[in-house]
Amino acid sequence: MQTFLEPRAMQAWADATRARGERIALVPTMGALHEGHVALITEARRRAKRVVVSIFVNPIQFDRPDDFARYPRTLEEDSTRCAAAGVDVVFAPGPGAMYPEGFRTAVEVAGLTEPLCGKTRPGHFRGVTTVVTKLLHAVRPHLAVFGEKDWQQLAVIRRMTADLDFGIEIVGVPTVREADGLALSSRNRRLGPTEREAARCLPQALAAAAALVAAGEAGAGAVLARVEAEIAAEPRARLEYAALCDPDTLEDVTDVKAPALLALAVWVGGVRLIDNRLLVPGGTEP
């Protein structure tokens, strides 16, 4: 396994690999890798000859400096995990390599970035789309693999790459969960034992809503009220938002007559967690 720290070195490898006719898959990450990331790597390996994992804690997508400072950084451990998973290249640039002095450019997607996390994290998605653009230009992949836990991010990246004619396939992989249903996330490392127990309210709220819709409830108000009650029952959790929306456009829905996305952001202690689930009315297929 090779490691590159500079975009130009990464591009040189990508150009030589493409010249040999080998497909490249990119798995963009911010490190602190877990089994969810391994699932992305496995899917990438299934679809391409060469797999690149980028590890970069992107400063411009954080809306709070303390959150950026506390984000786990475990590059040595991550590199070991990547090697074991059969990764060909780790691309681990520093902030100076990605945003050199004089950097003034940003990439922004309208519409899809405004609801859900866009309401409470100003500038977040502009940071995401800018860094993903730079990563795609550095790695020059044929496809890039993202997790569906960050559903809005996946929708935004798909829109961006389609609108700007990147010619890159964007692949989504289902969320990997712990035995109790909690979605795997690098932020879970920051949960203490009592907070980890409290975090179970997220999958429990999603499951309760799914059962309600499957039983015939179609009103968004009733479904969201059930979600809010589930989160409120956990004193260590605070709901930031719960929304029912169209899975493609992310526009709010008032009636669950077709599969709808239930998206959550919940604070557990000082850690912000997100999750989602497709709610399927009884008798229909997702």
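Quick grid of which residues meet (1) among the basic types (K, R); (2) surrounded by fewer than 19 Cβ atoms within 10 Å (Cβ to Cβ); (3) within 24 Å of V156 (Cα to Cα):
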residue: Q11; (1), (2), (3): no, yes, no
residue: A25; (1), (2), (3): no, no, yes
residue: E76; (1), (2), (3): no, yes, no
residue: Y99; (1), (2), (3): no, yes, yes
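Among the residues of region 110-120, which ones are closer than 22 Å to F68 by Cβ and surrounded by fewer than 20 Cβ atoms within 10 Å (Cβ to Cβ)? Quick ask: steps written out before the conclusion?
The initial filter retains those residues of region 110-120 that are closer than 22 Å to F68 by Cβ, namely 113, 116-120.
Result: G118, K119, T120.
Given the criteria open to solvent by 50 Å² or more (accessible area, probe 1.4 Å), modelled with pLDDT under 95 and touching a helix residue (DSSP H, G or I) at 6+ places or on another chain (Cβ under 8 Å), does R70 qualify? Full working, then the answer.
Numbers: open to solvent by 50 Å² or more (accessible area, probe 1.4 Å): yes; modelled with pLDDT under 95: yes; touching a helix residue (DSSP H, G or I) at 6+ places or on another chain (Cβ under 8 Å): yes.
Taking the combined requirement at face value, the residue satisfies it.
Please enumerate the residues belonging to region 83-127 that are β-branched (V, I, T) and farther than 19 Å from A44 by Cβ. Talk me through it step by step, then tell me what you get.
Within region 83-127, the first condition is being β-branched (V, I, T), and the residues that meet it are 87, 89-90, 105, 107, 109, 113, 120.
Passing the criteria: T105, V107, V109, T113, T120.
Which count do you get for residues in region 230-255 that are open to solvent by less than 60 Å² (accessible area, probe 1.4 Å) and of a type in the set (G, A, S)?
Our first condition is that a residue be open to solvent by less than 60 Å² (accessible area, probe 1.4 Å); within region 230-255, this holds for 230-231, 234, 237, 239-247, 250, 253.
Among the residues that remain, those that are also of a type in the set (G, A, S) are: 237, 242-243.
Residues meeting the conditions: 3.
If you take the residues of region 183-203 that are touching an Asp or Glu at 6+ places or on another chain (Cβ under 8 Å) and of a type in the set (A, V, I, L, M, F, W, C), which of them is most open to solvent (accessible area, probe 1.4 Å)?
Selected residue: L184.
Evaluate the following for T42: is it among the polar types (S, T, N, Q) and out of contact with any His (no Cβ under 7 Å at 6 or more places or on another chain)?
yes
Considering each of A258, A211, A225 in turn, give the residue that is open to solvent by 30 Å² or more (accessible area, probe 1.4 Å), small (G, A, S), without any contact (Cβ under 8 Å) to a residue 40 or more places away in the chain and not in a helix (DSSP H, G or I). Outline the logic, then answer.
Working: A211 fails: not in a helix (DSSP H, G or I); A225 fails: not in a helix (DSSP H, G or I).
Step by step, each of A258, A211, A225 is checked, and only A258 is open to solvent by 30 Å² or more (accessible area, probe 1.4 Å), small (G, A, S), without any contact (Cβ under 8 Å) to a residue 40 or more places away in the chain and not in a helix (DSSP H, G or I).
Test of understanding: among L154, L143, L206, which residue is open to solvent by less than 20 Å² (accessible area, probe 1.4 Å) and farther than 30 Å from R18 by Cα? Steps first, please.
Values: L154 fails: farther than 30 Å from R18 by Cα; L143 fails: farther than 30 Å from R18 by Cα.
Answer to the check: L206.
State the number of residues belonging to region 159-208 that are among the hydroxyl-bearing types (S, T, Y), under 18 Å from the mean Cα position of the chain (by Cα) and in a helix (DSSP H, G or I).
So the first thing to find is which residues in region 159-208 are among the hydroxyl-bearing types (S, T, Y), and the list is 161, 175, 185-186, 194.
Filter once more, so that each one left must be under 18 Å from the mean Cα position of the chain (by Cα): 161, 175, 185-186.
If we keep only those that are in a helix (DSSP H, G or I) as well, we get 161, 186.
Total meeting the criteria: 2.
Among the residues of region 107-137, write down those that are hydrophobic (A, V, I, L, M, F, W, C), in contact (Cβ under 8 Å) with a residue 40 or more places away in the chain and either assigned to a loop (DSSP other than H, G, I, E, B) or more than 15 Å from A155 (Cβ to Cβ) (or both). Give the derivation first.
Filtering region 107-137 down to residues hydrophobic (A, V, I, L, M, F, W, C) leaves 107, 109-110, 112, 116-117, 125, 128, 131-132, 135-136.
Next cut, in contact (Cβ under 8 Å) with a residue 40 or more places away in the chain only: 107, 109, 112, 116-117, 125, 128, 131-132, 135-136.
Once the filter is applied, which keeps residues that are hydrophobic (A, V, I, L, M, F, W, C), in contact (Cβ under 8 Å) with a residue 40 or more places away in the chain and either assigned to a loop (DSSP other than H, G, I, E, B) or more than 15 Å from A155 (Cβ to Cβ) (or both), region 107-137 yields V107, V109, L112, L116, V131, L135, L136.
Exactly one condition in (1) in a loop (DSSP other than H, G, I, E, B); (2) buried (at least 19 other Cβ atoms within 10 Å of the Cβ) is not met by R104; state its number.
For R104, the failing item is (2).
Tell me yes or no: at least one residue of region 267-274 is at pLDDT 95 or above, within 20 Å of P174 (Cβ to Cβ) and either within 22 Å of the chain's Cα centre (by Cα) or not in a helix (DSSP H, G or I) (or both).
The answer is yes; a qualifying residue exists.
Please go through region 165-191 and pick out each residue that is farther than 14 Å from L273 by Cα and in contact (Cβ under 8 Å) with a residue 24 or more places away in the chain.
Matches in region 165-191: F166, I168, E169, I170, V171, G172, V173, P174, V176.
The values are calculated or read from the model by the stated rules, or taken from the named source; none is laboratory data. Since the model is a prediction, treat every value here as computed from it, not as a measurement. Counting neighbours? That spans all protein chains shown, and the Cβs are built from the backbone with ideal geometry, glycine included. Heads up: the accessible areas ignore ligands, DNA and RNA and are worked out on the full protein's heavy atoms, side chains in. Shrake-Rupley method; radii C 1.70, N 1.55, O 1.52, S 1.80 Å.
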